[in-house]
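Okay, structure first, notes after.
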Amino acid sequence: MIPPTHWLACSACGQQAPIEAMGGCPACRSGVLEVAYAAIRDSDPSVLSHADRARQTAGIWRWQGLLPMLNGARDAISLGEGDTPLLRAPELGPNVWLKYEGKNPTHSFKDRFQAVAISAAVELHKTRVVCASTGNHGVAAAAYSARAGLQCAVLTHEEAPAAHVEAIR
C-alpha cells in the first residue's frame, strides 16, 4: 500500500485538509481547496512495488495509488482514457516527443481529469456535477457523468463551438 501522497491545500493560506473535504478553505474562508501532492522518492519501496503493479494495468488507473482517490480505484469510472501515444517530433528538437491526447475517448486530455473527478464524485455519493466550459472540459464532464449515471450541468459561453455544445448535450 502506498502511503498517502495527496491531500487538499488552500490556495490562499496553505492550510491542509483531507482529500474528502469539499468547498472553500475552512481556515481562512477565502481560498479554494486544491489537490496537493507530496514528493515521492524513487527509492521508496512502496512506490517501486506500485510501479511494478502499474505495468500490469492499462490507462490512467495503473497509477491509482498516486491519484486522489478515497478508496483506491474501487469505484473508478473509465471510458478507456490514457495510454495515448508519444509521437517523436524531430523537427522541434532531437529529443522532443509529443503526447497525442486526441486518442482519448472525447479526444482531449481533459478525459484524464474527468475520469478521476467523476470517480471521486461517485465515491462521495454525489448524484449531480456542474462545471463551466467552452469546450473540451464540458464534453469530458458530460461523457464521464453519463458513464457514471450522474446528472451533469455544463455552463457554456454563447460563443462556445456548436460541435462542443452538441457533444455536451
Taking ILE77, is it of a type outside the set (D, E, K, R), under 14 Å from the mean Cα position of the chain (by Cα) and not assigned by TED's automatic domain parsing to the domain that holds GLY23? yes
If you check GLY82 against the conditions, is it touching a helix residue (DSSP H, G or I) at 6+ places or on another chain (Cβ under 8 Å) and farther than 22 Å from ALA153 by Cβ? yes
When you go through ALA160, ALA146 one by one, which is the residue that is farther than 19 Å from GLU20 by Cβ, outside any helix (DSSP H, G or I) and of a type in the set (A, V, I, L, M, F, W, C)? ALA160
Taking LEU87, is it touching a strand residue (DSSP E or B) at 6+ places or on another chain (Cβ under 8 Å), at pLDDT 95 or above and not assigned by TED's automatic domain parsing to the domain that holds VAL35? yes
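Going by what's in this entry, would LEU70 be described as out of contact with any strand residue (DSSP E or B) (no Cβ under 8 Å at 6 or more places or on another chain) and at pLDDT below 75? Spell out how you get there, then give the answer.
Values: out of contact with any strand residue (DSSP E or B) (no Cβ under 8 Å at 6 or more places or on another chain): yes; at pLDDT below 75: yes.
The answer is yes for LEU70.
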Does the range 111-118 contain any residue that is assigned to a loop (DSSP other than H, G, I, E, B) and on the phi < 0 side of the Ramachandran plot? no
Taking SER49 as meeting all but one of (1) exposed (fewer than 14 other Cβ atoms within 10 Å of the Cβ); (2) outside the structural domain of TRP7 (by TED's automatic domain parsing); (3) at pLDDT below 95, write down the number of the exception. (2)
Which condition number in (1) farther than 24 Å from ALA36 by Cβ; (2) touching a helix residue (DSSP H, G or I) at 6+ places or on another chain (Cβ under 9 Å); (3) at pLDDT below 95 is the one that VAL139 fails? (3)
Any residue in the range 75-91 that's in contact (Cβ under 8 Å) with a residue 12 or more places away in the chain: show its pairings with residues that are surrounded by fewer than 16 Cβ atoms within 10 Å (Cβ to Cβ) and in a loop (DSSP other than H, G, I, E, B) at Cβ separation under 6 Å, as long as the two are six or more apart or on different chains. ASP83/ALA58; THR84/TYR100; PRO85/TYR100; LEU87/TYR100
In the range 122-129, is there at least one residue being closer than 25 Å to ASP75 by Cα, of a type outside the set (Phe, Trp, Tyr) and part of a strand (DSSP E or B)? yes
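The values are calculated or read from the model by the stated rules, or taken from the named source; none is laboratory data. Keep in mind that this is a model prediction, so the values were computed, not measured. In this analysis, Cβ positions are derived from the backbone assuming ideal geometry, glycine residues included, and neighbour counts consider all displayed protein chains.
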